[in-house]
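Below: one structure, written as structure tokens.
The values are calculated or read from the model by the stated rules, or taken from the named source; none is laboratory data. Predicted model, so just to flag it, every value in this text is computed and none were measured. Counting neighbours? That spans all protein chains shown, and the Cβs are built from the backbone with ideal geometry, glycine included.
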Amino acid sequence: MTDQPVSLSTQGLPETVLDPEPPDALVRLADALALPGPARRAAVSSVVAEWPRSLDGWARLGELARDPVESYACFRVGYHRGLDRLRQSGWRGSGYVRWEHPTNRGFLRALDGLRATAAAIGEHDEERRCDEFLHQLEPAWDHLDRGDDVATGTKGEDA
């Protein structure tokens with residue numbers, strides 16, 4: 001449980017910020033993502049095997065999957081593990097989970113990947129639910145510069 005998981009705003013819904021991933025997992029994931037081609041997928045899979053609660057690990061593995069069904073499965077695991085982490089952080093089913101917080105990015109990446117792969121396999125009702133949920137959590141989703149940040153969730157000035 002985090003010391004300050006939910007901040008209440010005088011302007012509306014609370015905002016949840018997830019606790020950081022273990023530092024060793026972040027380093028190993030960044031190293032794995034830096035590898036070329038097929039070695040990258042194997043290394044990310046190894047990270048996820050060692051840290052199965054790594055949200056960004058599952059999301060990245062979904063991005064590197066060999067086919068849409070494997071991708072969907074990885075994103076789904078990351079999404080459900082993320083819901084567990086959100087609840088542990090004080091989230092009660094509503095409120096914001098913003099991209100601006102690097103520790104939230106693995107969950108949001110998994111949710112967006114689940115949305116995209118649901119569409120790819122013809123699960124259009126799931127695609128719509130994920131899209132709606134994603135925009136409830138991060139209303140600015142369509143307008144963010146998400147770039148390809150490193151596993152630590154940092155990019156440029158976010159570091």
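Structure data summary
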read-out: Test result for Gly62, of a type in the set (Gly, Ala, Ser) and buried (at least 22 other Cβ atoms within 10 Å of the Cβ); value: yes
read-out: Filter result (part of a helix (DSSP H, G or I), over 16 Å from Thr103 (Cβ atoms) and either within 17 Å of the chain's Cα centre (by Cα) or modelled with pLDDT of 95 or more (or both)) within region 22-37; value: Arg28, Asp31, Ala32, Leu33
read-out: Residue, surrounded by the most Cβ atoms within 10 Å (Cβ to Cβ), within region 94-109, restricted to residues that are hydrophobic (A, V, I, L, M, F, W, C) and assigned to a loop (DSSP other than H, G, I, E, B); value: Val97
read-out: Asp125, sole failed condition from (1) in contact (Cβ under 8 Å) with a residue 24 or more places away in the chain; (2) surrounded by fewer than 23 Cβ atoms within 10 Å (Cβ to Cβ); value: (1)
read-out: The lone exception for Val150 - which of (1) assigned to a loop (DSSP other than H, G, I, E, B); (2) crowded, with 16+ Cβ neighbours inside 10 Å; (3) at pLDDT 90 or above it fails; value: (3)
read-out: Index of the failed condition, Trp91 passing every other in (1) in a loop (DSSP other than H, G, I, E, B); (2) touching a Gly at 6+ places or on another chain (Cβ under 9 Å); (3) not polar (S, T, N, Q); value: (2)
read-out: Hits in region 38-78 (condition: of a type in the set (Ser, Thr, Tyr), touching a residue at least 40 places away in the same chain (Cβ under 8 Å) and either part of a helix (DSSP H, G or I) or over 17 Å from Pro22 (Cβ atoms) (or both)); value: Ser71, Tyr72
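Residue-wise test of (1) under 21 Å from Glu127 (Cα atoms); (2) at pLDDT 95 or above.
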| site | (1), (2) |
| --- | --- |
| Gln4 | no, no |
| Gln11 | no, no |
| Ala43 | no, yes |
| Arg81 | yes, yes |
